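S.K.: One structure follows; several queries about it will come next.
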Amino acid sequence: MQHWLSEHHFVSYVLILGFTIYIFNTVFRAQQRLPILKEVLVYLLMAIGAFVLMILQVDKLPIIQCMGIAVIMMLMLRGRQLYDKYKKKKAERGAVNEAEPGR
């Protein structure tokens, strides 16, 4: 896989840019939106940084694989957070039903 990604530069660049944008939006983005010019500047800098990472990927460093693992771990964390939220709501509904025995 590493060899194939090293030969296909455009695919490598798109994957790295997509992973970078996802990681930035999930981890580092502030709750409020930035002004449009700052937003454009941030994404432009990410595009330049993704190009640098693509060069390292072509030089046989496993950049895409490492970013993929980071994204998988973030998705697992998000899944766990949703599961805990679901269990908490379910426990609260059970406590309400026990508090009202007349129903």
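Each reported figure results from applying straightforward, stated rules to the coordinates on display, with no laboratory input. Quick caveat: nothing in here was measured; it's all calculated off a predicted structure. As a convention, Cβ positions derive from the backbone with ideal geometry for all residues, glycine included, and neighbour counts pool all protein chains shown.
S.K.: Could you work out the helix-only [θ] at 222 nm for the chain, with each DSSP H run of four or more residues adding -39,500 (n - 2.57) and the total divided by the number of residues, to the nearest 500 deg cm²/dmol? The partial results should precede the final answer.
M.R.: Numbers: 4 runs with 81 residues, N = 103.
Result for the chain: -27000 deg cm²/dmol, rounded to the nearest 500.
S.K.: Oh, and also: Determine one quarter of the surface area of the Cα convex hull of the range 2-99, which equals its mean projected area, and express it in nm² to one decimal.
M.R.: Taking a quarter of the hull surface, the average projection is 8.5 nm².
S.K.: Once you put a point 7 Å from the Cα of Q65 and another 7 Å from the Cα of E39, both along the Cβ direction, what distance in nm separates them?
M.R.: Output for this residue pair reads 3.7 nm.
S.K.: Could you work out the mean projected area of the convex hull around the alpha carbons of the range 17-56, in square nanometres to one decimal?
M.R.: Over every viewing direction, the Cα hull of the range 17-56 projects on average to 2.8 nm².
S.K.: Between K87 and A30, what is the label-to-label distance in nm when each label sits 7 Å out along the Cα-to-Cβ direction?
M.R.: If labels sit at K87 and A30, their model points lie 3.5 nm apart.
S.K.: What is the angle, in °, between the Cα long axis of helix 36-58 and the longest principal axis of the Cα atoms in the chain? Nearest 10 is fine, range 0 to 90.
M.R.: 60
S.K.: Turning to a different aspect of this structure: Using label points projected 7 Å from each Cα along Cα→Cβ, tell me how many nm separate I48 and Y22, to one decimal.
M.R.: Label at I48, label at Y22, 2.6 nm between them.
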